[in-house]
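This report concerns only the one structure given below.
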Amino acid sequence: MSDTAQVQQIRHKVDDVLKTRHEDLTKTVRACIADVLAIDPGKVGANSSLIADLGAESLDFLDLVFRLETEYGVKIPRDGIRLAAQDGLADGFEKGGVLTPDALERLRILMPEIPAAKLQAGLRTHQIPELFTTETFVRLVAWRLAEAN
Amino acid sequence: MSTALPLHGRTALVTGSSRGIGRAIALKLGALGADVAVNYVTRETDANSAVAALTSQGRRSFAARANVSKPDELASLFDRVASEWGALDIYINNAIDVASFGPVMRLRAEPWRHTIDSHVTTFLLASQRAAKLMKDRKGVIIALSSLGSQNYVPGYAPIGVGKAAIEALTRYLAMELGHSGIRVNTVSGGPIETDSLRAFSTYQQMKDASEKLSPGRRIGQPDDIADVVGFLCTDEARWIMGQTLIVDGGFSLVSGH
């Protein structure tokens, strides 16, 4: 199986889980984000950027992931998105800190919630967390729930 | 031929061995002749490829999923080893689960507790289980630590404290298990090029410092640690007990600069 097929498979699994659970997962993820960032849950929109809109720092992601693991009883790899995206990439995930074209293509598959314009050539690995929205974490939880079944 | 290998006929369990340092250790122990159980949590494909590499060397191996920071899953992992092999000669305490990172004033109680537990409580419970499976054998227990247990690394307090506790527990285990023929040691590494290290914001800084300042003149690789762990598992290391060996290409000599 080609590795892009593996990434597609992850995408399909996530979409399948979200067909029935999108609403309840979103509700819980929003509550967890609000708790970790100590803000009003009403301020956490589905497409809010955690860093740009909600003032999160990268350290907050670790707290949030731990909170979601506890809530759902699943294990979420700390660098899960990169791990899912990088398997078997011939030219690697990044070169000199800049994502390779193949890596970008995989992120577009794995992160449909991110506008394509933001996943363009020149994106650096340290900029990936700046893209994360509420929906990113909803999809991350859905992925782990799908894998756990 | 294989009877000449130093770990021929011995069985080993390496936690967190689907990738990184754990995988390098698993493969090293296999190269030295041991049968190796590969433990993973999420990376099943990687774990299976480690098993395939071991079986292609003629070793017995299997992959076992368990989040070892959960006591019930840890117990199931040792149950599996017991049912597969009936005994254990080598236990490598490698996996940790980091849920807490950052300046001390920002750390929250629950992720902190989880991180400390995943270091030292896991090591304690695993060593208890391992020691029972090592009865009447020359058992070896080795834990992994890092320089953050002794030195300041920004944001690293939960992990550094967890590692320091592992090093202290190593000495107590060595004393209390030594009379049963079990040797317990810890290997403490400097920066090692793995996915985990790349996730640190200070990765590039550590890599540059390793290349420019340390006598080793490069960042460490998983095999640099695995080779030492492999040696500590052999009978040639029989007189090393309760120690924390620093294996860092000399990084700790200059990391304060």
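Here are some notes:
- Condition broken by B:Glu44, with the remaining ones in (1) under 16 Å from the mean Cα position of the chain (by Cα); (2) modelled with pLDDT under 95; (3) of a type in the set (D, E, K, R) satisfied: (1)
- In segment A:78-94, the qualifying residues are those that are out of contact with any Phe, Trp or Tyr (no Cβ under 9 Å at 6 or more places or on another chain) and outside any loop (DSSP other than H, G, I, E, B), and the one that is farthest from the other protein chains (Cβ to nearest Cβ) is A:Glu94.
- Subset tally (residues that are surrounded by fewer than 24 Cβ atoms within 10 Å (Cβ to Cβ), among the aliphatic types (A, V, I, L, M) and either more than 14 Å from chain A (Cβ to nearest Cβ) or part of a strand (DSSP E or B) (or both)) for segment B:28-48: 2
- Among the residues making up segment A:42-77, a single one is in a helix (DSSP H, G or I) and surrounded by fewer than 13 Cβ atoms within 10 Å (Cβ to Cβ): A:Gly42.
- Filter result for the condition that a residue is farther than 25 Å from B:Glu44 by Cβ and of a type in the set (A, V, I, L, M), over A:Val65, A:Val98: A:Val98
- In segment B:117-135, of all residues being farther than 19 Å from B:Asp72 by Cβ and either of a type in the set (A, V, I, L, M, F, W, C) or within 11 Å of another protein chain (Cβ to nearest Cβ) (or both), the one that is farthest from the chain's Cα centre (by Cα) corresponds to B:Met134.
Quick grid of which residues meet (1) polar (S, T, N, Q); (2) without any contact (Cβ under 8 Å) to a residue 24 or more places away in the chain; (3) within 14 Å of chain A (Cβ to nearest Cβ):
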| residue | (1), (2), (3) |
| --- | --- |
| B:Thr170 | yes, no, no |
| B:Gly178 | no, no, no |
| B:Val187 | no, no, no |
| B:Asp195 | no, no, yes |
| B:Lys207 | no, yes, yes |
| B:Lys212 | no, yes, no |
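- Within the option set B:Ile96, B:Ile159, being surrounded by 20 or more Cβ atoms within 10 Å (Cβ to Cβ) and either away from every other protein chain (no Cβ under 14 Å) or more than 23 Å from B:Gly216 (Cβ to Cβ) (or both) holds for one residue only, B:Ile96.
- Residue pairs meeting the criteria (Cβ under 6 Å; at least 6 apart or on separate chains; first over 12 Å from A:Val7 (Cβ atoms), in segment A:89-115; second among the charged types (D, E, K, R) and assigned to a loop (DSSP other than H, G, I, E, B)): A:Thr100/A:Asp91
- Some residue of segment A:14-32 being surrounded by 18 or more Cβ atoms within 10 Å (Cβ to Cβ), part of a loop (DSSP other than H, G, I, E, B) and not aliphatic (A, V, I, L, M): no
- Taking the criterion of being surrounded by 15 or more Cβ atoms within 10 Å (Cβ to Cβ), in a helix (DSSP H, G or I) and not hydrophobic (A, V, I, L, M, F, W, C), the residues of segment B:196-226 that qualify are B:Ser196, B:Arg198, B:Tyr203, B:Lys207, B:Ser210, B:Pro222, B:Asp223, B:Asp224.
- Qualifying residue in segment B:138-147 (condition: under 24 Å from B:Phe231 (Cα atoms), assigned to a loop (DSSP other than H, G, I, E, B) and not hydrophobic (A, V, I, L, M, F, W, C)): yes
- Some residue of segment A:24-37 being of a type in the set (Lys, Arg), more than 14 Å from every other protein chain (Cβ to nearest Cβ) and either in contact with a helix residue (DSSP H, G or I) (Cβ under 6 Å, 6 or more places away or on another chain) or touching a residue at least 40 places away in the same chain (Cβ under 8 Å) (or both): yes
- Counted residues, segment B:49-75 - those being of a type in the set (Ser, Thr, Tyr), more than 12 Å from every other protein chain (Cβ to nearest Cβ) and part of a helix (DSSP H, G or I): 2
- Here B:Leu144 clears all of (1) surrounded by fewer than 23 Cβ atoms within 10 Å (Cβ to Cβ); (2) among the hydrophobic types (A, V, I, L, M, F, W, C); (3) closer than 21 Å to B:Asp117 by Cβ; (4) touching a helix residue (DSSP H, G or I) at 6+ places or on another chain (Cβ under 8 Å) except the condition numbered (1).
- Residues considered: B:Ser145, B:Ser149. Of these, the only one that is out of contact with any Gly (no Cβ under 7 Å at 6 or more places or on another chain) and either within 25 Å of B:Ala31 (Cα to Cα) or small (Gly, Ala, Ser) (or both) is B:Ser145.
- Lone qualifier among A:Leu64, A:Leu119, A:Leu50 - being in contact (Cβ under 8 Å) with a residue 24 or more places away in the chain, away from chain B (no Cβ under 14 Å) and of a type outside the set (Ser, Thr, Tyr): A:Leu50
- Filter pass, B:Glu110 being surrounded by fewer than 18 Cβ atoms within 10 Å (Cβ to Cβ), among the acidic types (Asp, Glu), within 14 Å of chain A (Cβ to nearest Cβ) and within 27 Å of A:Val74 (Cβ to Cβ): yes
- Whether a residue is of a type outside the set (D, E, K, R), at pLDDT 90 or above and in contact with a helix residue (DSSP H, G or I) (Cβ under 6 Å, 6 or more places away or on another chain) was assessed, and B:Val247 passes this test.
The values are calculated or read from the model by the stated rules, or taken from the named source; none is laboratory data. Since the model is a prediction, treat every value here as computed from it, not as a measurement. Here Cβ is always computed from backbone atoms with ideal geometry, including for glycine, and neighbour counts include all displayed protein chains.
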